[in-house]
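J.: I'd like to ask some things about the structure below.
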Amino acid sequence: MSYNKYKNVKVNIDGFKFDSKAESERYQELKLLNKAGLITNLTLQPKFELQSKFRHNTKAISAICYIADFSYIDKECEKVIVEDVKGVETDVFKIKRKMFLKLYGSTHDLRIIR
């Protein structure tokens, strides 16, 4: 059994490694919704660029990215839903959420699952 810094148990399902039991349970729920046709395009670990890479003087500055737990299209509202299963909202996450909402908030709905 493997633990991370927040004492979550890592879980393997369908060949995917999840950081917590809660995240793996949400994946199983989303799989059922996908199978029932209520959602489409279920994606695990979607990556969103929040700031592109650039050079400052001679130094390369890497891009800032946000990797969510899941994304999918909700057929009822026809919007892209981005989900993150969180027990603790870190300061870094809070900043990335603000950046995400500025860039993607008009087309994507960010949901925090507890």
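J.: Subtract the Cα-Cα distance of residue 28 and residue 77 from 0.36 nm times their separation in residues, and report this length gain in nm to one decimal.
T.: 15.5 nm
J.: Let me ask you something else. What does the charge count around residue 37 come to, taking other residues whose C-beta lies under 12 Å from its C-beta (Lys +1, Arg +1, Asp -1, Glu -1)? Display every interim value, and only then the final one.
T.: On the way: positive: 35, 75; negative: 74, 76.
Summing Lys and Arg as +1 and Asp and Glu as -1 gives 0.
J.: Among all the aspartates and glutamates, which ones have a C-alpha under 20 Å from residue 35's C-alpha, if same-chain residues fewer than 8 places away are not counted?
T.: 14, 23, 25, 69, 74, 76, 78, 83
J.: Let me ask another. Among [x] 111; [y] 166; [z] 131, which one is volume of the Cα convex hull per residue in Å³ computed from these coordinates?
T.: The value matching this structure is [z].
J.: Another question about this same structure. Under the Karplus relation 6.51 cos²θ - 1.76 cosθ + 1.60, θ = phi - 60°, what is the ordered set of whole-Hz ³J(HN,Hα) values for the stretch 57-64, x standing for Gly and Pro?
T.: 6, 9, 9, 7, 9, 6, 5, 9
J.: Could you compute the FRET efficiency for residue 90 and residue 41, with r as their C-beta to C-beta distance and R0 at 22 Å, rounded to 0.05?
T.: 0.20
Bear in mind that the values in this text are calculations on the coordinates, not laboratory data. Worth saying up front: this structure is predicted, and the values here are computed from it rather than measured. Methodologically, a virtual Cβ is constructed for each residue, glycine included, from the backbone with ideal geometry; neighbour enumeration extends over all protein chains shown.
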